[in-house]
Amino acid sequence: MYAATWYHSRVSDSACIPSAASAVPDTVPAATDTPRHSALVRVTHWITTLCFFALLVSGAEIVVSHPRFYWGETGNDLTPTLFKLPIPASRALVPTGYGYVLPDQNGWSRYLHFQAAWIVIFVGLMYVISGWFTGHFQKNLLPGKSDLSWRAFSTAIASRLRFERPNAADACSYNLLQRLSYLFVIFVLFPLVIWTGLAMSPAFVSAFPATVNVLGGQQSARTLHFFVSLALLLFLLVHVGMVWLAGFWSRMRAMITGRAGTYKERT
């Protein structure tokens, strides 16, 4: 939801140049109008953001048409469920325990879901290929050896639990938790959500049957797709919350214009 980004802020491949401003306490306003995000990062971020919301809305409509989940290759109204959502369905034949059905929006929602998904795939490939050749991942997202110690990890967690506001140095780099979470979203959650989504496509599975057999069947792929989507939604909510905590307008300005804002809003 890129995310990328696919749905998150990234440092531009043109690294921030440290200055005296990074050593100034947060209480002292300091102008830091240095480059933060490249044009490619900003474009892929916002395209993925729009597509994620389209996928979220359309995916919810698809789930409403059959809010029952199974494990294995087959599953229908007459087979036992792995679990089911306590919501009414949009189809009368789906047993939900409710005496009414919701409006059926399954047609446009599936069309929008597939279109947005393919756009995300192409934009994501563009971002990954560019990040690989420009060294973006190595310079900006991969943690250093000193950052992977237990002490550094526990310190980063403690500061987040205390809801500490980022300092001026955070305008030029990401902390350990940001780096790990972004790498996890880019290289684990997004590939999983794409894989499980394709595994529900009869045309794709007929060409590459192993992609669904490894998952245990098409219904297993649908169930896994649901949980991975929930994990991406959770990441989005946390990401937006942290952007708000760090300074919403300065972070938005950086992702729109590519320039880091001032730190006046952190005083």
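Since every read-out is calculated from the coordinates, none of them should be taken as a lab result. All figures in this text were calculated on a predicted structure; none of them were measured in a lab. Neighbour counts are summed over all protein chains in view; Cβ atoms, including those assigned to glycine, are modelled from backbone coordinates with ideal geometry.
Between Thr79 and Ser159, what's the calculated FRET efficiency when r is the beta-carbon distance and R0 is 41 Å? Round to 0.05. Intermediate results must be reported in sequence, preceding the final value.
Details: r = 49 Å, r/R0 = 1.18.
Taking R0 as 41 Å, the efficiency between Thr79 and Ser159 is 0.25.
Highest mean first, how do 68-80, 145-157, 124-136 rank when packing is the count of other Cβ atoms within 10 Å averaged over residues?
Working: 68-80: 13.8, 145-157: 11.4, 124-136: 15.8.
Ranked from most to least packed, the peptides come out as 124-136, 68-80, 145-157.
3J(HN,Hα) along region 67-79: x, 10, 10, 10, 10, x, 8, 10, x, 8, 4, 9, 9 Hz, from the Karplus curve 6.51 cos²θ - 1.76 cosθ + 1.60 with θ = phi - 60°, whole Hz, x for Gly and Pro. What the Cβ-Cβ distance of Lys145 and Arg110 gives, at R0 = 41 Å and to the nearest 0.05, is a FRET efficiency of 0.30.
Subtracting the Cα-Cα distance from 0.36 nm times the residue separation, let me have the gained length for Thr257 to Trp46 in nm, one decimal. Working shown, then result.
On the way: separation 211, 0.36 × 211 = 75.96 nm, distance 1.21 nm.
Once the chain is fully extended between Thr257 and Trp46, it gains 74.8 nm.
Between Tyr98 and Phe248, the simple label model (points 7 Å from Cα in the Cβ direction) yields a spacing of 3.1 nm.
Once R0 is set to 22 Å, what does the formula 1/(1 + (r/R0)^6) return for the Cβ-Cβ distance between Ala39 and Ile121, expressed as a FRET efficiency to the nearest 0.05? Working shown, then result.
On the way: r = 21 Å, r/R0 = 0.94.
Efficiency, from the Cβ-Cβ distance: 0.60.
Between Thr211 and Ala231, how many nm apart are label points set 7 Å from Cα along the C-beta direction? Roughly 1.9 nm, to one decimal.
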